[in-house]
Amino acid sequence: MGMPRVSPIDAALRAAVDALANPVAERAAGEDVFAFVEDAFPLFRSLTGDGVRQTLAKVGQIAPGLQVHEVPSGTPVLDWVVPKEWRVHSARLLGPDGATIVDVEDHTLHLLGYSAPYRGTLSLDALRPHLWSDPERPDAIPYRTSYYREEWGFCLEHRRLEALVEGEYRVEIETELFDGSLTYGEIVLPGECEGEVLVSAHVCHPSLANDNLSALGVAAHLARRLAELPRRRLTWRFIFAPGTLGAIVWLAGHREIVDRVRHGLVLSNLGDGGAFHFKRTRGGASSIDRLVPKVFADSSEPLEVEDFSPFGYDERQYGSPGFDLPVAVLSRTPWGRYPEYHTSDDDLRLVRPQHLGRSLRRLLEVASALEHDRRWRNLEPYGEPQLGRRGLYHQIGGGDEGRTRQLALLWVLNQSDGGKSLLDVAERSGLSMRQIEDAAEALWQAELLAAVDD
């Protein structure tokens, strides 16, 4: 006897998707993601440092198989060099009366990201160039960094800045810039075929809940659910890295495998209440560009779609001309388009469990569609095969549902010429991915279809 045939439909993956279709389960999943966001929120993340390591450790508690990589300072990576590692001991600004005006212990955003150490007493005029605020959100602390130019300073509420009086101010910034490393995390879930799906989320922002702890938490829980499957057709690779430079570091070290990336998503801002937003890949016509909108349409979930632009998150690194990976972006409200963006108002009040749970659910639906989207060859291509004697008409039944099943069977048979995928069939027929997948499985069970190797 030969090896048993393996169904093209992953029942365990289908069950995971269907489980989240229950509103109670979706909300519970969102509560789990929110617990991660809440736990990791106080950590002092930056381009490098222990905050990144601590955050990755929390990711690893959710998703098994996390590998943490350290890339030493001074390492050339494409056109960049890994910078010195940054460590914060303390930082505060004292007023003329000796009272503390800002203290990094009160909020991580109070210290300019990558601030150099400095101790000294300055007049208010000399101090002002080292203070940053946001007049448009006068009660919020802005997020500012100086990664590649040595600078020191503080960020504070604009109302507090305006209230400063003339006099001598004491600056006490105890930080280190030293030869250390840049840290990133990676989870690889092997599949049965060579093709890979790349999922990327940035891990560098301190005390910003939506940007991007929300996406880190959703990605970690997606990885956990995919890791629990008994099998996967595709290999899933999750990258948790500092923005821009982290993706560049990964690309520089993985040139030999980038050709295996068939689909990719950068995840960001998945916890606010805005509509979902999809940014196409650099090429604009890859499978992921078509599949994500199709999945959302099948779910009747609003999705705003826009073309690629070379500005944003790490899609511009993965999609740079030399690599040209088919990596798109999925978010709720995109970066810079919600008023709390890059301020202390992007806190735990902004992200809600129900939004996190819905984000995870939609991503699991996308994962299911990617796993099941493959090309098929009709084994009886000359005329329409007799479905009745194969028992398929027993599945059809009467009414609209039965006619839809019949139509799905006929569409799959007609289009399965070895070159078209199930996504192609679903788009052309106007039927859902789930309906086309079910038809393909029924035809495969009847030995009317054969899978084309990926």
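Below is a table of values for the structure above.
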read-out	value
Cleavage-rule hits (chymotrypsin sites (Phe, Trp or Tyr not before Pro)) in segment 299-378: DSSP loop, at most 16 neighbouring Cβ within 10 angstrom	Phe311
Protection proxy ranking, peptides 205-215, 273-283, average beta carbon neighbours within 10 Å, highest first	205-215, 273-283
Mean projection area, nm², convex hull over Cα of the chain	24.2 nm²
P(r) weight above 18 Å for segment 328-454, C-alpha pairs, percent	62 percent
Within segment 209-246, backbone nitrogen closer than 11 Å to the virtual label 7 Å beyond the Cα of Ala21 toward Cβ	none
Within the accessible area of segment 341-387 (1.4 Å probe), percent carbon and sulfur	42 percent
Those aspartates and glutamates that a straight Cα-Cα span of less than 20 Å connects to Lys58, excepting residues fewer than 8 apart in one chain	Glu31, Asp32, Glu38, Asp39, Asp50, Glu70, Glu186, Asp211, Glu228, Asp347
Residues Val305 and Ala116, FRET efficiency given R0 of 60 Å [Cβ-Cβ distance, rounded to 0.05]	0.90
Point-to-point label distance, Gln354-Arg160, nm (Cα→Cβ direction, 7 Å offset)	3.3 nm
Surface share of carbon and sulfur [accessible, 1.4 angstrom probe, percent] for segment 95-150	44 percent
Eligible lysines near Lys279 by straight Cα distance, threshold 26 Å, same-chain separation 8 or greater	Lys294, Lys420
Where segment 1-140 is the region considered: accessible area per residue in Å², 1.4 Å probe	49 Å²
Sum of -39500 (n - 2.57) over DSSP H runs of 4+, divided by residues of the chain (222 nm, nearest 500)	-10000 deg cm²/dmol
Alpha-carbon Rg with Dmax, taken over segment 125-227, Å	20.4, 69
Partners for Lys84 among aspartates and glutamates (Cα-Cα distance below 12 Å; same-chain residues under 8 apart left out)	Glu150, Glu176, Asp179
Simple label model, 7 Å out from Cα along Cβ direction - Glu105 to Asp125, nm	3.4 nm
Where segment 259-389 is the region considered: accessible area per residue in Å², 1.4 Å probe	40 Å²
Accessible area of segment 161-222 divided out per residue, in Å², using a probe of 1.4 angstrom	27 Å²
Within the accessible area of segment 174-330 (1.4 Å probe), percent carbon and sulfur	46 percent
Neighbour-limited loop hits for GluC sites (Glu not before Pro), segment 361-454 (at most 12 other Cβ within 10 Å; DSSP other than H, G, I, E, B)	Glu447
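The values are calculated or read from the model by the stated rules, or taken from the named source; none is laboratory data. Just so it is clear, the model here is predicted, and its values are computed rather than measured. Reconstructed Cβ throughout: ideal geometry from the backbone, glycine too, with neighbour counts over all protein chains shown. For accessibility, only protein heavy atoms count, side chains too; no ligands or nucleic acids. Shrake-Rupley method; radii C 1.70, N 1.55, O 1.52, S 1.80 Å.
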